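Inspection log for the structure reproduced underneath, given as structure tokens.
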Amino acid sequence: MWNEIANNEDLNIFMDNMYGFHDSCLKEIKYISGAYVDEELSMFPVNSQRILNVIIQRQFRHPSVIEMQFVGLKYLKLFPSDENYTCEILDATMILNEDCVYWCDCGGLSEEDIESYTGTVICASKVRWRAVDEYIGPNEIYVTK
């Protein structure tokens, strides 16, 4: 079951329940643009969906794994740490305003800070989430057939 984050009260409850994403890691990302080429090689070149799904695993129970779905993706700035550094999230920022929602892998950022932040940032029209504890562990979730 998906849980909508429609207002700041929803956002505050979510962030409290996630302990600000402390001791979490971004495990997987899946993006659906909506554009495609069909069997006749005709193209539908419109980003009609712009949906980003993100799997976050946490060192906490209930939930240990969440899937966040960002709808109407405006941008994704992905700056993964290389193998010489750890990638755990110690704290995250989520900001909800009338135009969009931001998620950053660093706590304490303001909307003004986001422009110059050099970590991972997601900006979308809206976001929802669900608990998916069955996704715990190293196995890939978004696999191709």
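The values are calculated or read from the model by the stated rules, or taken from the named source; none is laboratory data. Everything quoted here is computed from the prediction, not taken from an experiment. Please note: Cβ atoms are built from the backbone with ideal geometry, for glycine as well, and neighbour counts cover all protein chains shown. For accessibility, only protein heavy atoms count, side chains too; no ligands or nucleic acids. Shrake-Rupley method; radii C 1.70, N 1.55, O 1.52, S 1.80 Å.
Summary of computed values
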quantity	calculated
FRET efficiency for Ile136 and Leu11, using Cβ-Cβ distance with R0 set to 25 Å, rounded to 0.05	0.50
Additional length obtainable on full extension of the chain from Asp99 to Asn53, 0.36 nm per residue less Cα span	14.6 nm
Extension reserve of the Asn3-Gln69 stretch, reckoned as 0.36 nm per residue once the Cα distance is removed	22.8 nm
The chain: most fluctuating residue of Asp82, Asp113, Asp16 per GNM, C-alpha cutoff 10 Å	Asp82
Gaussian network model of the chain, springs between alpha carbon atoms under 10 Å - residue of Ser110, Ser42, Ser24 with greatest fluctuation	Ser42
Difference of contour (0.36 nm per residue) and Cα-Cα distance, Ser125 to Ile29	32.8 nm
MRE, 222 nm, helices only [DSSP H, n ≥ 4, -39500 (n - 2.57), over the chain, to nearest 500]	-2500 deg cm²/dmol
Segment 100-145 versus segment 40-81: alpha-carbon centroid distance in Å	7
Protein accessible area in segment 39-81, 1.4 Å probe - carbon and sulfur %	54
Cα-based equivalent ellipsoid of the chain: semi-axis lengths in Å, sorted from largest, via gyration tensor	25, 19, 16
Residue of Glu67, Glu134, Glu98 that the Gaussian network model of the chain assigns the largest fluctuation, springs spanning Cα pairs under 10 Å	Glu98
